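A.B. asks: Before we start, here is the structure in question, set down as structure tokens.
The values are calculated or read from the model by the stated rules, or taken from the named source; none is laboratory data. Here the structure is a predicted model, which is why all the values come from computation and not from measurement. Here the Cβ is made from the backbone with ideal geometry for all residues, glycine too, and neighbour counts use every protein chain on show. These area figures cover heavy atoms from the full protein model, side chains too; ligands, DNA and RNA do not enter into them. Shrake-Rupley method; radii C 1.70, N 1.55, O 1.52, S 1.80 Å.
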Amino acid sequence: IGAITMSTNPMELLKKKVTSELIHEQDNLSNEKSALLSKFYPIFLSILTAKPEFIQKLKEIIMPSLSDLLGHNEQIKTVFLANISTAKLIPFETEQIINKAIPKCLTALTNEAGNDSASILKYLKQHKDSIQSLLPTWVMSLLIPVGLILNQQNLNTESNHSSVNFGRKIGIFPIIGFLILGLLIVWLWQSCHHQQLEVPVDDLDASVAQ
């Protein structure tokens with residue numbers, strides 16, 4: 001049974017256990033919410049792989065949130081939400097959906113791999129390549145400098161020195177982090193401006209009315 005359990009891809013597990021529970025067909029935004037969760041899962045799993053101590057910490061919080069997952073870094077969270085939000089979901093709605101998903105993700109992983117952090121980490125590492133292949137470039141640019149996601153080299157050679165590596169990375173964040181944030185904000189503005197030009201007149205009127 002253990003071999004069968006461990007062969008289940010974490011992405012498929014979360015889609016089956018979490019997405020199906022959170023998303024309802026009668027919701028006219030079900031497709032957008034489902035797409036959002038599919039983008040969030042590999043990020044969530046990658047953060048747990050890079051910061052395994054978060055597994056237990058998040059479990060100990062009654063309602064773990066995106067802020068908890070991102071180390072209460074508001075700048076990172078703002079850029080994160082701006083990039084992961086879909087066209088029809090504003091950042092606030094996106095954050096609410098993710099906040100609902102996080103505890104359910106932890107429950108699904110616990111039921112699948114075991115209650116202790118080591119078992120969950122082992123499970124995630126078995127699928128690390130498929131998980132990381134789903135990470136978009138903007139996520140790696142945003143989260144690798146602050147140690148919330150491991151780059152490919154660190155992922156393959158990871159040891160018990162993760163806390164030391166995190167300390168070193170956090171030291172260069174003031175320089176690298178702000179450069180990345182600036183680039184992402186410029187990219188986001190250009191993207192939003194481009195989308196606004198393509199929005200149908202009816203949608204634009206509806207937006208203004210709101």
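A.B. asks: Does Lys39 satisfy the criteria of being in contact with an Asp or Glu (Cβ under 6 Å, 6 or more places away or on another chain), touching a residue at least 40 places away in the same chain (Cβ under 8 Å), open to solvent by 50 Å² or more (accessible area, probe 1.4 Å) and not hydrophobic (A, V, I, L, M, F, W, C)?
C.D. replies: Here the answer is no, as Lys39 does not meet what is asked.
A.B. asks: So, one more: Hey, could you check the stretch 136-155 for residues that are over 16 Å from the mean Cα position of the chain (by Cα) and among the polar types (S, T, N, Q) and say which is most open to solvent (accessible area, probe 1.4 Å)?
C.D. replies: Taking the candidates together, the pick is Gln153.
A.B. asks: Scan the stretch 121-137 and report the pairs whose first residue is touching a residue at least 24 places away in the same chain (Cβ under 8 Å) and closer than 15 Å to Phe40 by Cα and whose second residue is assigned to a helix (DSSP H, G or I) and small (Gly, Ala, Ser), with Cβ atoms within less than 7 Å and a gap of 6+ or a chain change.
C.D. replies: Listed pairs, sorted by first residue: Ile131/Ser46; Gln132/Ser46; Leu135/Ser46.
A.B. asks: Here's a follow-up. I'd like the full set of residues that are at pLDDT below 95 and basic (Lys, Arg), limited to the stretch 63-117.
C.D. replies: Scanning the stretch 63-117 gives a single hit, Lys88.
A.B. asks: Something else: Among the numbered conditions (1) surrounded by 14 or more Cβ atoms within 10 Å (Cβ to Cβ); (2) touching a residue at least 40 places away in the same chain (Cβ under 8 Å), tell me where Leu81 comes up short.
C.D. replies: (2)
A.B. asks: Restricting to the stretch 120-135, what's the tally of residues that are farther than 16 Å from Ile149 by Cα and open to solvent by less than 30 Å² (accessible area, probe 1.4 Å)?
C.D. replies: 2
A.B. asks: Is it true that Lys88 is of a type in the set (D, E, K, R), touching a residue at least 12 places away in the same chain (Cβ under 8 Å) and not in a helix (DSSP H, G or I)?
C.D. replies: Yes; evaluated as a whole, the condition is true for this residue.
A.B. asks: For the stretch 20-35, give me each residue that is assigned to a helix (DSSP H, G or I) and over 22 Å from Leu134 (Cα atoms).
C.D. replies: Glu21
A.B. asks: Out of curiosity, is Lys104 under 16 Å from Pro64 (Cβ atoms), open to solvent by 40 Å² or more (accessible area, probe 1.4 Å), in a helix (DSSP H, G or I) and touching a residue at least 12 places away in the same chain (Cβ under 8 Å)?
C.D. replies: yes
A.B. asks: Does the stretch 58-65 contain any residue that is polar (S, T, N, Q) and either assigned to a helix (DSSP H, G or I) or more than 22 Å from Asn115 (Cβ to Cβ) (or both)?
C.D. replies: No, the stretch 58-65 has no match at all.
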